[in-house]
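In what follows, a single structure is set out as structure tokens and then discussed.
The values are calculated or read from the model by the stated rules, or taken from the named source; none is laboratory data. None of these values were measured; they are calculated from a predicted model. Cβ: placed from backbone, ideal geometry, glycine included. Neighbour counts: every protein chain shown. Accessible surface is based on the protein model in full, side chains and every heavy atom, while ligands, DNA and RNA are left aside. Shrake-Rupley method; radii C 1.70, N 1.55, O 1.52, S 1.80 Å.
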Amino acid sequence: MVIAANGLHAHAATAGRVVVDVFLVLTVLLGAWFTGQWIYGRVDVDRFHPGYFLPTVAGGLLAAAAAGAVGQQRLGQVMFGLGAVCWMILGSVIMGRLLFRPLPPPPLLPTLAIEVAPAAVASLAYFTLFDDSIDGVAAFLGGYGLLMVLAQLRLLPAYLKLPFMPSTWAFTFSWAAVAAVAIHWVERRYAPGAGAYTYALLAAITVLIGGIALRTLVALARRQLLPPAPPQAAEPQGSGAA
């Protein structure tokens, strides 16, 4: 959706709009399936983590921004409502789980970085759909986003102890969204040295994503990216008829 809205639509408006709409529908269906499954099936609260934001919160807000970018404002507002309400509901459950239950196991610990993403992605969608300036709603979203960003500082000791693993990629899109919103704020507030701040943010997020991508290639080359398969249980000797 993002590629079609920001890339394809500029060169082929109809094609870009069609691609956005197709994937928007698929996003809604996927989010509906997961939501129904969470209601119908049994969900262990200790297995709940910020990755559960992805199907509905991230999907809905990205769809809102994409729809707005291709000129479908009302559809974008519908998707903004989907993503924002799911953020309030799931965010309450996830934060309660993080506050009152043990931390997720190490392979899921990087998903805590996703906590910075909802406010940032909601801000980007709001800028596209409603008002490109920094108004009261943008400030409201920015306040919560700032809290979540600063809270990550306390998690640095836990992050630094982790080995590299596929879930490390949770840092990339989360912080890319934060960097995009920060650049928007800098440019709209006309801060002195705005250009320098923008380039610094771009450099920082590029180094982060590039470093994780490079480390992924190294892990692939060393066959260390995925955990080894558990050993197969030995078949009992002498089974069967004599």
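Residues that are open to solvent by less than 40 Å² (accessible area, probe 1.4 Å) and either touching a Lys or Arg at 6+ places or on another chain (Cβ under 9 Å) or under 25 Å from Ala66 (Cα atoms) (or both) do occur in the stretch 161-170, at least one of them. I'd like to check something: does the stretch 25-32 contain any residue that is at pLDDT below 95, open to solvent by 50 Å² or more (accessible area, probe 1.4 Å) and assigned to a helix (DSSP H, G or I)? No; the residues of the stretch 25-32 include none that is at pLDDT below 95, open to solvent by 50 Å² or more (accessible area, probe 1.4 Å) and assigned to a helix (DSSP H, G or I). Exactly one residue among Val28, Val85 is hydrophobic (A, V, I, L, M, F, W, C), under 27 Å from Tyr144 (Cα atoms) and in contact (Cβ under 8 Å) with a residue 24 or more places away in the chain, and that residue is Val28.
In the stretch 181-194, how many are open to solvent by 40 Å² or more (accessible area, probe 1.4 Å) and either on the phi < 0 side of the Ramachandran plot or in contact with a Pro (Cβ under 9 Å, 6 or more places away or on another chain) (or both)? Steps first, answer last, please.
Of the stretch 181-194, the ones open to solvent by 40 Å² or more (accessible area, probe 1.4 Å) are 185, 187-190, 192-193.
So of that shortlist, the ones also either on the phi < 0 side of the Ramachandran plot or in contact with a Pro (Cβ under 9 Å, 6 or more places away or on another chain) (or both) come out as 185, 187-189, 192.
Final tally of qualifying residues: 5.
Residues that are open to solvent by 50 Å² or more (accessible area, probe 1.4 Å) and part of a helix (DSSP H, G or I) within the stretch 115-138 comprise Leu124, Thr128, Gly136, Val137, listed in sequence order.
Hey, does the stretch 47-70 have a residue that's under 30 Å from Arg101 (Cβ atoms) and not in a helix (DSSP H, G or I)? Explain how you work it out, then say what you get.
Initial filter on the stretch 47-70 (under 30 Å from Arg101 (Cβ atoms)): 47-62.
Still in the running and not in a helix (DSSP H, G or I): 48-49.
Checked the stretch 47-70: at least one residue is under 30 Å from Arg101 (Cβ atoms) and not in a helix (DSSP H, G or I).
Yes/no matrix, rows are residues, columns are (1) under 21 Å from Leu90 (Cβ atoms); (2) charged (D, E, K, R); (3) in a loop (DSSP other than H, G, I, E, B); (4) open to solvent by less than 70 Å² (accessible area, probe 1.4 Å):
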residue	(1), (2), (3), (4)
Leu8	no, no, no, yes
Val18	no, no, no, no
Ile39	yes, no, no, no
Val43	yes, no, yes, yes
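Taking first residues from the stretch 212-223 that are within 19 Å of Pro110 (Cα to Cα) and partners that are not in a helix (DSSP H, G or I), the Cβ contacts under 7 Å between residues at least 6 apart in sequence or on separate chains come to Arg215/Phe164; Thr216/Leu225; Ala219/Phe164; Ala219/Leu225.
Only one residue in Leu108, Leu112 is at pLDDT below 95, part of a helix (DSSP H, G or I), hydrophobic (A, V, I, L, M, F, W, C) and under 26 Å from Met165 (Cα atoms). Which one? Lay out the reasoning, then the answer.
On the way: Leu112 fails: at pLDDT below 95.
That would be Leu108, the only listed residue that is at pLDDT below 95, part of a helix (DSSP H, G or I), hydrophobic (A, V, I, L, M, F, W, C) and under 26 Å from Met165 (Cα atoms).
Yes or no: Phe164 touching a residue at least 12 places away in the same chain (Cβ under 8 Å), assigned to a helix (DSSP H, G or I) and touching a helix residue (DSSP H, G or I) at 6+ places or on another chain (Cβ under 8 Å)? Here the answer is no, as Phe164 does not meet what is asked. Answer with yes or no whether Phe130 is in contact with a Pro (Cβ under 7 Å, 6 or more places away or on another chain) and under 21 Å from Val57 (Cβ atoms). Answer is no for this residue.
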